[in-house]
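One structure is given here, and the rest of the page talks about it.
The values are calculated or read from the model by the stated rules, or taken from the named source; none is laboratory data. Every value quoted in this text rests on a predicted model; they were computed, and no experiment measured them. Positions of Cβ are generated from backbone atoms using ideal geometry, with glycine treated the same way; all protein chains shown enter the neighbour counts. Remember, those area values only see protein heavy atoms, side chains included, never the ligands or the DNA or RNA. Shrake-Rupley method; radii C 1.70, N 1.55, O 1.52, S 1.80 Å.
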Amino acid sequence: MNKITAAITGVQGFVPKDVLSNEDLAKIVDTSDEWITTRTGIKERRIMKNGASSDMAVEAVKGLLEKTNTNPLEIDLVVLATVTPDYPFPSTANLLCDKAGLKNAWGFDLKAACSGFIYAISTGAQFIETGRYKKVIVVGVDKMTSILDYQDRATCVIFGDGAGAVLLEPNNEGLGVIDFILRSDGSGVEFLVQPAGGSLNPPTVETVEKRMHFVKQEGKQVFKFAVTNMAEVSAEIMDKNNLTSDDVDWLVPHQANLRIIDATADRMGLPKEKVMINIEKYGNTTAGTLPLCLWDYEKQLKKGDTLILSAFGGGFTWGAVYLKWAYNS
Ligand code: UT7
């Protein structure tokens, strides 16, 4: 019997309708379209004015079920990556299952910041590969505007809100998730963190006054780690699987900074045409970036295409996933 692999059989994204452009941000903090564009590649991002992460996730999941003609009652499991859950508990996956009518599913949240989607798809794939489950939904969603400090120009310009979801189903043609390399280094906490709101610094008047509930990032340090590790792990998964740059059809990189994406593509020997990029319109949506890329490029993907998904984020967390695309749109 052929080995069962976990194939993506559909992808759907959701972004809120409201747009926050670089020019809009220049009215709020001391920045400019020129600075943001040249340093990051971002022109605008979507912001969710009302609602929570689960509301974006539910839109993506409902669209996914519709386009794949899937009965919500057939979904076995939801693995949802986010750092901006609706509540500390219950989990956003839990709420999503209720809101999307996934009555027979259970689910859990997975927190790996910008690497959330690659951690989550690698996890979800295991339940398919064992033969235990037939339909697993993997979601990446973040409402970053809920933890952004609009007095901190170094962070508020880079993030946006968005969600994406994929359906994983068993495949016996060798398509789907083939391999992954996942890494973590908790010593990175000092460079990228939401300092308060957890058990170390529970909410107090002081934590609020000190603006400790917002994202804090030492951009230059994170950049250094990101640019090296994302490029290295992407090259490593190619070596491990004997893939040359000609074998790779698409790099699906985390959308944090165009300069990090370019460095990763260069390290892999890939030309620009093979790199998925949508950072200019959504910014960094944290766990949302990779499924939003797949959604945007879905029509260009062909059955059998070789994809490398790659990300780096808070933790630090990073890694790469090698997968073979399973359908033509
Ligand atoms: O996705 C999760 C992982 N995160 C990342 O991968 C992000 C990695 N880091 C980055 O992408 C970049 O470090 C940033 C885009 C965040 C910042 O770019 P940078 O080229 O590293 O800038 P910097 O932080 O070194 O700051 C350079 C200058 C500073 O001014 P001085 O000290 O040279 O006078 C900043 O104060 O740019 C200033 N600056 C700004 N100026 C205009 C910082 N933010 C802004 C801004 N507008 N928004």
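Hand me the list of strands (runs of 3 or more DSSP E) wholly inside region 5-79 holding 1 or more residues that are over 20 Å from ALA120 (Cα atoms) and in the same structural domain as ALA165 (by TED's automatic domain parsing).
Correct list: 18-21, 44-47.
Out of curiosity, is ALA263 under 24 Å from THR285 (Cβ atoms), of a type in the set (A, V, I, L, M) and touching a Phe, Trp or Tyr at 6+ places or on another chain (Cβ under 7 Å)?
No; evaluated as a whole, the condition is false for this residue.
May I ask you to list the residues in region 188-215 that are within 16 Å of the ligand (Cβ to nearest atom) and either acidic (Asp, Glu) or open to solvent by 70 Å² or more (accessible area, probe 1.4 Å) (or both)?
Residues satisfying the conditions are VAL189, GLU190, GLN194.
Restricting attention to region 138-161, does a residue exist that is open to solvent by 60 Å² or more (accessible area, probe 1.4 Å), more than 16 Å from the ligand (Cβ to nearest atom), assigned by TED's automatic domain parsing to the domain that holds GLU66 and more than 18 Å from LEU294 (Cβ to Cβ)?
Within region 138-161, the first condition is being open to solvent by 60 Å² or more (accessible area, probe 1.4 Å), and the residues that meet it are 146, 150-151, 153.
Subset that is more than 16 Å from the ligand (Cβ to nearest atom): 146.
From the residues that got through so far, the ones that are assigned by TED's automatic domain parsing to the domain that holds GLU66 too are 146.
Subset that is more than 18 Å from LEU294 (Cβ to Cβ): 146.
Scanning region 138-161, I find at least one residue that is open to solvent by 60 Å² or more (accessible area, probe 1.4 Å), more than 16 Å from the ligand (Cβ to nearest atom), assigned by TED's automatic domain parsing to the domain that holds GLU66 and more than 18 Å from LEU294 (Cβ to Cβ), so the answer is yes.
Identify all residues within region 256-279 that are under 15 Å from TYR297 (Cβ atoms), part of a helix (DSSP H, G or I) and out of contact with any Ser or Thr (no Cβ under 8 Å at 6 or more places or on another chain); write none if there are none.
The answer is ILE261, ALA265, LYS272, GLU273, LYS274.
The rows are residues; the columns are (1) over 14 Å from VAL15 (Cα atoms); (2) open to solvent by 20 Å² or more (accessible area, probe 1.4 Å).
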residue	(1), (2)
GLU59	no, yes
LYS67	yes, yes
THR70	yes, no
ASP86	yes, yes
PRO90	yes, yes
ALA93	yes, no
ALA100	yes, no
LYS103	yes, yes
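Output the number of residues of region 216-255 satisfying the condition of being within 14 Å of the ligand (Cβ to nearest atom), assigned to a loop (DSSP other than H, G, I, E, B) and open to solvent by less than 10 Å² (accessible area, probe 1.4 Å).
2
With the requirement that a residue be in contact with a Cys (Cβ under 8 Å, 6 or more places away or on another chain) and among the polar types (S, T, N, Q), what does region 292-329 give you?
If the condition is that a residue be in contact with a Cys (Cβ under 8 Å, 6 or more places away or on another chain) and among the polar types (S, T, N, Q), then THR317 is the only one that fits.
Looking at (1) on the phi > 0 side of the Ramachandran plot; (2) within 16 Å of the chain's Cα centre (by Cα); (3) surrounded by fewer than 23 Cβ atoms within 10 Å (Cβ to Cβ), which is the one condition that is false for THR123?
Here THR123 meets the rest and fails (1).
If the Cβ limit is 6 Å and pairs must be 6+ apart or interchain, which residue in region 297-311 that is open to solvent by 10 Å² or more (accessible area, probe 1.4 Å) pairs with which residue that is of a type in the set (Ser, Thr, Tyr) and at pLDDT below 95?
Close Cβ pairs (under 6 Å, with a partner that is of a type in the set (Ser, Thr, Tyr) and at pLDDT below 95) amount to GLU298/SER329; LYS299/SER329.
So ILE279 clears everything in (1) open to solvent by less than 10 Å² (accessible area, probe 1.4 Å); (2) within 21 Å of VAL177 (Cα to Cα); (3) within 14 Å of the ligand (Cβ to nearest atom) except one condition, right? Which one?
Among (1) open to solvent by less than 10 Å² (accessible area, probe 1.4 Å); (2) within 21 Å of VAL177 (Cα to Cα); (3) within 14 Å of the ligand (Cβ to nearest atom), ILE279 violates only (2).
If you go through region 24-38 one residue at a time, how many are within 8 Å of the ligand (Cβ to nearest atom) and either surrounded by fewer than 17 Cβ atoms within 10 Å (Cβ to Cβ) or under 17 Å from MET144 (Cα atoms) (or both)?
Here is the first cut: in region 24-38, the residues within 8 Å of the ligand (Cβ to nearest atom) are 25, 29-32, 35-36.
Subset that is either surrounded by fewer than 17 Cβ atoms within 10 Å (Cβ to Cβ) or under 17 Å from MET144 (Cα atoms) (or both): 25, 29-30, 32, 35.
So the answer is 5.
Does GLU218 satisfy the criteria of being closer than 18 Å to ILE118 by Cα and acidic (Asp, Glu)?
Against the criterion (closer than 18 Å to ILE118 by Cα and acidic (Asp, Glu)), GLU218 does not qualify.
I'd like the full set of residues that are in contact (Cβ under 8 Å) with a residue 60 or more places away in the chain and over 23 Å from LEU192 (Cα atoms), limited to region 66-120. Write out each step before concluding.
Taking region 66-120 first, the residues in contact (Cβ under 8 Å) with a residue 60 or more places away in the chain are 68, 70, 74-84, 88, 112-120.
If the condition is that a residue be in contact (Cβ under 8 Å) with a residue 60 or more places away in the chain and over 23 Å from LEU192 (Cα atoms), then THR68, THR70, GLU74, ILE75, ASP76, LEU77, VAL78, VAL79 are the ones that fit.
Does any residue in region 1-30 that is within 15 Å of VAL177 (Cα to Cα) come within less than 8 Å, Cβ to Cβ, of a residue that is open to solvent by 60 Å² or more (accessible area, probe 1.4 Å) and charged (D, E, K, R) six or more places away or on a different chain, and which pairs are these?
Sorted first by the residue in region 1-30, then by its partner, the pairs are ASN2/GLU173; GLY10/LYS67.
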